[in-house]
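Student: Please see the structure below; I have some questions.
The values are calculated or read from the model by the stated rules, or taken from the named source; none is laboratory data. Just so it is clear, the structure is predicted and the values come from calculations on it, not from any experiment. Quick reminder, even Gly has a Cβ in these numbers, built from the backbone with ideal geometry, and neighbours come from all protein chains shown. Ligands, DNA and RNA are stripped out before the accessible areas are found, and what is left, the full protein with its side chains, is counted by its heavy atoms. Shrake-Rupley method; radii C 1.70, N 1.55, O 1.52, S 1.80 Å.
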Amino acid sequence: QVQLVESGGGLVPAGASLTLSCAASGLTFSSYTMGWFRQAPGKERRFVAAITCNGGRTNYADSVKDRFTISRDNAKNTLYLQMNSLTPEDTAIYYCAQSPWGGPRSGIVDYDHWGQGTQVTVSS
């Protein structure tokens, strides 16, 4: 079965950088759009970034554009999220997800497999 395992979260000060990873198994990773979402305490899960199967197209939420970079290594079946200039507003559980559809989609309903999440906490 499909397994997505996130790692790389932690507690960092404001202004720091962090890179999240998502190791995928049980699927032909290079065939699928992948995305990152996040859920802050008491809030709904929200789109962060997405990347098409070959990495040719990306999509970002306005709140992270120019600070976050999504990338993938299909040879390693791994998805990444490079996060720079972190602020306390970036504090959330970050989830990676796999979409069966084409295009760098931003809708939660467009993704059908999810990881367990990794906590990112940014202190002020």
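Student: Under 8 Å for C-alpha pairs, at least 6 residues apart: give me the relative contact order for region 1-115, rounded to a whole percent. Don't jump to the answer; show the numbers that get you there.
Tutor: Values: 266 pairs, mean separation 39.2, N = 115.
Computed over region 1-115, the figure is 34 percent.
Student: Run the simple label-point estimate for Asp112 and Asp62 please: 7 Å along Cα→C-beta, distance reported in nm.
Tutor: 3.2 nm
Student: So what is the accessible area of the chain per residue, in Å², with the probe set to 1.4 Å?
Tutor: Values: 6120 Å² over 124 residues.
Here the per-residue accessible area is 49 Å².
Student: Please name which of Cys53, Val122, Val64 has its Cα lying farthest along the dipole of the chain towards the positive end, using unit charges on Cβ (Lys, Arg +1; Asp, Glu -1) and the Cα centre as origin.
Tutor: Cys53
Student: How would you order 87-95, 55-63 from highest to lowest mean count of nearby Cβ atoms within 10 Å? Walk me through the numbers on the way to the answer.
Tutor: Values: 87-95: 17.9, 55-63: 13.7.
Highest-to-lowest ranking by the protection proxy: 87-95, 55-63.
Student: Pull out the extension gain between Glu89 and Thr19, defined as 0.36 nm times the separation in residues minus the alpha carbon to alpha carbon distance; nm, one decimal. Spell out each step's value before the answer.
Tutor: Numbers: separation 70, 0.36 × 70 = 25.20 nm, distance 1.67 nm.
Gain on extension, Glu89 to Thr19, equals 23.5 nm.
Student: If you roll a 1.4 Å probe over the chain with all protein chains in place, what percent of the accessible area is carbon or sulfur? Before the final figure, lay out the partial values.
Tutor: Working: 2910 of 6120 Å².
Carbon-and-sulfur percentage of accessible area, whole number: 48.
Student: When the dipole is taken about the Cα centre of the chain, and only Lys, Arg (+1) and Asp, Glu (-1) are charged at their Cβ, what size is it in debye, to the nearest 20? If you can, show how the numbers build up before the last one.
Tutor: Working: 10 positive and 9 negative charges, 21 e Å.
For this selection, approximately 100 debye.
Student: Can you give the Rg to Rh ratio of region 41-111, both from alpha-carbon atoms, with Rh computed by the Kirkwood formula?
Tutor: Result for region 41-111 is an Rg/Rh of 0.95.
Student: Determine the gain in length on full extension of the stretch Gln119-Arg45; use 0.36 nm per residue of separation and subtract their C-alpha separation, reporting nm with one decimal.
Tutor: 25.3 nm
Student: Something else: Quick query: amide H of Arg105 versus all other amide H atoms, modeled in the peptide plane; which residues come in under 5 Å with a sequence gap of 5 or more or a different chain?
Tutor: Under 5 Å from the amide H of Arg105: no residue qualifies.
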